[in-house]
Amino acid sequence: LYNRDPEAIRQFVIMFTNGRDRLRGTQDGQLRHTKAEWQTILVLASNLSIVDVLSSMDGSDAQAYRVLEFTCSLPEGVDNGDALSRQLDANCGWAGDLFLRTLLQPGVLDYVKGAIEEWTQNIWTKTGFEPKHRFWVRTLASVAAAGVIVKHAGILDFSVQRIVDWAIEELRTQDAQSSDSGVRQPAEVLSEFLHAHLNDMLVVPTAYRPKNVSPVLISPKRELLVRYEIADGVLYIAQRALRKWLVK
C-alpha cells in the first residue's frame with residue numbers, strides 16, 4: 001500500500017470492508033454481478049498510518065472508521081524482532097488447527113454466535129459509540145468471542161476483558177484526534193503533503209556518509225522534493241515545495 005495512490009487505498013478499504021468487489025458495468029450498460037463475497041479481517045503492519053491516508057483525502061474520516069489502528073512495539077526483554085519473527089514462522093499453524101477443532105466441538109459454534117451478539121451489545125452500551133463506529137464495534141466483538149475460544153482451548157492464558165478495554169481506549173484516542181471536529185492536526189497536514197508527493201520522494205536505508213554508497217529503495221518519478229532515511233527515521237523536505245503546497 002505504501003506506493004499506491006491515496007484514492008486507490010481508499011477504494012481498497014471500501015471494497016474489502018464491504019465484503020465484495022465493486023460493481024462493474026457491461027458493454028450493454030448492465031451491471032456485472034459477481035458472486036465472490038468474503039467475511040474476514042485483514043491484518044497488516046506498516047510504518048505508514050493508513051488512518052492518516054484516509055483522513056487526509058477530503059477532510060472526512062468516514063473511511064478511517066473502517067480501520068482499527070494500533071501503535072505497537074516489541075515487548076520488554078525482546079530486542080531482536082527478526083528472531084521473534086522466525087520463531088513465529090517456525091511454529092505457525094498449530095494454534096489455528098487447535099482453534100478450529102475447538103470451534104467445531106458440539107455446541108461451541110452456537111455459543112460463539114450468541115456470544116458475539118452479547119459482546120456487541122455490551123460494547124455499544126459501554127462505549128457510547130455512534131453508528132459511524134460500527135466497524136470498530138463489530139471487530140471488537142468478534143475478537144472478544146475469538147479470545148474466549150483461545151483461552152478455553154488453552155492456547156493462551158489472558159484476560160479477554162483487559163484486551164478489549166485496552167483496544168477501546170486506543171480507539172477513543174484515535175476518535176478524539178479525528179478531523180471531524182474541523183481542527184486539523186499538524187501531523188495530519190504533513191501526512192497529506194507526503195501523500196501528495198509520493199512520486200517526488202527518494203527513499204534510502206541509511207543517511208549519506210562519504211565513501212559509503214547507500215542503495216536507492218525508491219526513486220522519485222517526478223522531481224526530488226523529499227528524502228527519507230529509514231534507519232534514522234529522518235525526513236528531508238524542500239522548504240520551497242512545502243511552503244508552496246501549504247499556501248495553496
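Only helices enter the 222 nm calculation for the chain: every DSSP H run of n ≥ 4 contributes -39,500 (n - 2.57), and dividing by all residues gives -14500 deg cm²/dmol, rounded to 500.
Where the accessible area of the chain is counted over protein heavy atoms with a 1.4 Å probe, how much of it, in %, is carbon and sulfur? Carbon and sulfur atoms account for 54 percent of the accessible area of the chain. For Ala83 and Ile230, the difference between the fully extended length at 0.36 nm per residue and the C-alpha to C-alpha distance is 50.9 nm. Taking the longest Cα principal axis of the chain as reference, the axis of helix 6-18 is set at about 10 degrees.
When DSSP beta bridges are restricted to pairs lying wholly in the chain, around 70% turn out antiparallel. Cα extents for region 99-178 along the principal axes, largest to smallest and rounded to whole angstrom: 43, 23, 16. Qualifying chymotrypsin sites (Phe, Trp or Tyr not before Pro) in region 195-248, where qualification requires a DSSP coil assignment and no more than 12 other C-beta atoms within 10 Å, comprise Tyr208.
For the chain, the longest principal axis of the alpha carbon atoms and the long axis of helix 186-196 meet at an angle near 70°. When the chain is described by a simple charge dipole with +1 on each Lys and Arg Cβ and -1 on each Asp and Glu Cβ, the residue from Ala145, Pro205, Ile41 located farthest towards its positive end is Pro205. The magnitude of the dipole of the chain, with charges of +1 and -1 set on the Cβ of Lys/Arg and Asp/Glu and taken from the Cα centre, is near 780 debye. In the calculated pair-distance distribution of region 99-234, the portion above 27 angstrom amounts to 52 percent of the Cα-Cα pairs.
Note on region 37-144: Kirkwood radius taken over Cα pairs, Stokes-Einstein applied at 25 °C and 0.890 mPa s, translational D equal to 143 µm² s⁻¹. Across the chain, counting alpha-carbon atoms alone, Rg and Dmax equal 22.1, 68 Å. Note that the chain presents 69 Å² accessible area per residue, ligands and nucleic acids not counted, probe 1.4 Å.
Compared with the direct C-alpha span, the chain from Ile163 to Arg240 gains 23.1 nm at full extension, assuming 0.36 nm per residue. Can you tell me the 0 to 90 degree angle between the C-alpha axis of helix 134-152 and the longest principal axis of the chain, rounded to 10? Helix 134-152 sits at roughly 60 degrees to that axis.
Averaging 1/r over every pair of different alpha carbons in region 61-116 and inverting the result gives a Kirkwood radius of 15.2 Å.
A convex hull fitted around the alpha carbon atoms of region 161-248 yields 144 Å³ per residue.
The values are calculated or read from the model by the stated rules, or taken from the named source; none is laboratory data. Every value quoted in this text rests on a predicted model; they were computed, and no experiment measured them. In this analysis, Cβ positions are derived from the backbone assuming ideal geometry, glycine residues included, and neighbour counts consider all displayed protein chains. Only protein heavy atoms, including side chains, enter the accessible area calculation; ligands, DNA and RNA are left aside. Shrake-Rupley method; radii C 1.70, N 1.55, O 1.52, S 1.80 Å.
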